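First the structure, in the form of structure tokens, and then the observations on it.
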Amino acid sequence: MGTLRLGVLASHNGSNLAALHQASLLPDSDFTISVTISNNSSSGALAYARDHGVPTRHLSGHTHPDTKALDNAMRATLVEHGVDLVVTAGFMRKLGPIVRETFSSRIINIHPALLPAFGGVGFFGNRVHQAVLDSGDKISGPTVHLVDDEYDTGEIIAQSEVPVLPDDTVDTLAARVLAAEHILLPTVVRQLASGHQLHRNKN
Ligand code: GAR
């Protein structure tokens, strides 16, 4: 089995992209990032990818005002780069039906809370951590799950737990969860790369 080729989609900082990229450079890695796509032309994710020689593409409502054209362009970019597995890592847009259908069961997302709690429409970034703090829960942590047609409802692949501390703010909790994401996401991708769960790109 060859190297698993990732297409990573990110909207902002791209710290999960960086964690994945660093893991992909380890000597025993059997995955590589073939392309990074962002809807945000000034995202840290695109800057990181450019700085590290990863092919990039900016695809958004600005480059493609028609949603179907955007969906098609996204699919074409992923196929063109031979992507086996799509990873949405801080990608703040819903994927279109054409990409979802083409990469069915081959799209994973990282979410900054323990799904099924604190997921769904409107639960992203700091809003998630605020909701966790408001709930009084003592444990949080990231979830990696398959992407289906809804928000945050696909099959859960892996989770890791971090404590919620009494004096936590959104920022301190977010930082603790993000550090856990940087371990969990590469771990899951490594497992997928070495396993047989995925049907390789036949496009
Ligand atoms: C991460 O915490 C990720 O879990 C979250 O956005 C952040 C992106 O950080 N995603 C969501 O909230 C999606 N519902 P990054 O750009 O530094 O990787």
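Throughout, read-outs are computed from the coordinates displayed, never taken from laboratory work. A quick note: this is a predicted structure, and the numbers were derived from the prediction, not measured. We place every Cβ from the backbone using ideal geometry, glycine too, and count neighbours over all the protein chains shown.
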Subject >> Single residue of the range 76-106 satisfying the filter (in a helix (DSSP H, G or I) and in contact with an Asp or Glu (Cβ under 9 Å, 6 or more places away or on another chain)) that is nearest to S38 (Cα to Cα) >> reply: V99
Subject >> Residue satisfying all of: in the range 46-63; of a type in the set (G, A, S) and assigned to a helix (DSSP H, G or I); nearest to A19 (Cα to Cα) among these >> reply: A49
Original post:
Got a number for residues in the range 135-159 being surrounded by fewer than 16 Cβ atoms within 10 Å (Cβ to Cβ) and closer than 23 Å to T172 by Cβ?
Top reply: 5
Original post:
Considering A18, A10, A23, which residue is of a type in the set (A, V, I, L, M) and within 11 Å of the chain's Cα centre (by Cα)?
Top reply: A10
Original post:
Considering the range 140-177 alone, what residues qualify as being farther than 24 Å from D84 by Cβ and among the β-branched types (V, I, T)?
Top reply: V162, V164, T169, V170, T172, V177
**OP:** State all residues of the range 133-159 that are away from the ligand (no atom under 12 Å from the Cβ), touching a helix residue (DSSP H, G or I) at 6+ places or on another chain (Cβ under 7 Å) and within 25 Å of L95 (Cβ to Cβ); if no residue qualifies, say none.
**Re:** D149, I157, A158
Subject >> Matching option when the condition is more than 14 Å from the chain's Cα centre (by Cα) and either in contact (Cβ under 8 Å) with a residue 24 or more places away in the chain or crowded, with 17+ Cβ neighbours inside 10 Å (or both), among V132, V189 >> reply: V132
Subject >> Those residues of the range 1-45 which are surrounded by fewer than 23 Cβ atoms within 10 Å (Cβ to Cβ), hydrophobic (A, V, I, L, M, F, W, C) and within 11 Å of the ligand (Cβ to nearest atom), in sequence order >> reply: A18, A19
Subject >> Residue count for the range 118-132, restricted to those that are within 9 Å of the ligand (Cβ to nearest atom) and either under 16 Å from I156 (Cβ atoms) or in a loop (DSSP other than H, G, I, E, B) (or both) >> reply: 5
Original post:
Within the set of pairs 6 or more residues apart or between chains, which connect a residue that is within 22 Å of H64 (Cβ to Cβ) inside the range 93-115 to a residue that is near the ligand (Cβ under 10 Å from one of its atoms) and assigned to a loop (DSSP other than H, G, I, E, B) with Cβ atoms less than 8 Å apart?
Top reply: R93/S11; K94/Y151; N109/F91; N109/D152
Subject >> Every pair of residues 6+ apart whose Cβ atoms lie under 6 Å, when the first sits in the range 160-184 and is of a type outside the set (A, V, I, L, M, F, W, C) while the second is away from the ligand (no atom under 11 Å from the Cβ) >> reply: E161/I139; R176/V162
Original post:
Out of the range 70-105, which residues are closer than 23 Å to P186 by Cα and of a type in the set (D, E)?
Top reply: D84
**OP:** Quick one: D71 ticks every box in (1) more than 15 Å from the chain's Cα centre (by Cα); (2) touching a residue at least 24 places away in the same chain (Cβ under 8 Å); (3) surrounded by fewer than 19 Cβ atoms within 10 Å (Cβ to Cβ); (4) within 20 Å of R106 (Cα to Cα) except a single one, so which number is it?
**Re:** (3)
